[in-house]
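Notes follow the structure.
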Amino acid sequence: MGGYGYHEVVRTGSFSTLTNEVKQRLGAGSLVVLTGPKGVGKSTLATVTTWELLRIGEVGMVLRIRELPDGEVVERFRSFIENFLVRDWEYFGNMIILYDPTGVYGQVGGVEAPSKLETIVRNVLEAVRRAVENARSILGREPSARVGVLIILPTDLYNALSNDVRGKLESYRLDAPLNDAEFLAG
């Protein structure tokens, strides 16, 4: 196809099926935790998926989280999402919040990386939950806009999370076997 702003992506095997699953979940305003081995293409899959949702107008805004420490920053983040849901969504459309620590933490070597990762994941989930709850209360109904959350975690980082956090994420987990021969064969 080509053209300005468009790049071809090789879609081998079940790549499109997995992309469609992520798009469907995010489009419904759900949480998706994309896991898989390091370097297999989870971030690429997330980029393709969010780009397609932006391109077709299903989503108007992608907010990438680099860090979300405890305290005032979390409250400002929650307030931003709440304001978006109550009054600003009509200008931007639906939103995806993206958290991809790839390249930030590297190999899990000690407690610090999983501990920091866990704090960010907890803060994102709690801020979104509270923002939706507050928006619902202010509006007296469900917000019209949807906020999907996409968290990308290499399997080793996912496994390094506490049982409590993994338990909260497990039902939203989508394993990306992008290096599996059966997956690639489609």
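What follows is calculated from the coordinates using simple rules that are stated; it is not laboratory data. Since this is a predicted model, take the numbers as computed values, not measurements. When we count neighbours, we look across all protein chains shown, and the Cβ atoms used for this are built from the backbone with ideal geometry, even at glycine.
Per-structure values
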quantity	calculated
Per-pair calculated FRET efficiency, R0 = 41 Å: Tyr91 and Lys38 via Cβ, rounded to 0.05	0.60
Estimated vicinal HN-Hα couplings, Hz - the stretch 56-62 in sequence order (Karplus 6.51, -1.76, 1.60; Gly, Pro = x)	8, x, 5, 10, x, 8, 10
Extended-chain gain in nm, criterion 0.36 nm per residue less alpha-carbon gap, Arg64 and Ala28	11.1 nm
Taking Asp100, Asp164, Asp156 and counting other C-beta atoms within 10 Å, the order from fewest to most	Asp164, Asp156, Asp100
Karplus-derived 3J(HN,Hα), 6.51/-1.76/1.60, for each residue of the stretch 161-172, Hz, glycine and proline x	5, 5, 4, 4, 5, 4, x, 6, 8, 4, 6, 9
³J(HN,Hα) computed for each position of the stretch 144-160 - Karplus, 6.51 cos²θ - 1.76 cosθ + 1.60, integer Hz, glycine/proline x	6, 7, 10, 10, x, 10, 10, 10, 10, 9, x, 3, 5, 5, 4, 5, 7
Other-chain or far-sequence residues with amide H under 5 Å of Leu98's (modelled H)	Leu63, Arg64, Ile65, Leu150
Which of Lys38, Lys116 has the fewest Cβ neighbours within 10 Å, and the rest in rising order	Lys38, Lys116
5 angstrom amide H check on Ser30, placed H, neighbours 5+ away	Val149
Sorted by Cβ neighbour density within 10 Å, fewest at the top, the residues Val62, Val147	Val62, Val147
Two-site label geometry, Leu139 and Glu170: point separation in nm, points 7 Å out along Cα→Cβ	3.2 nm
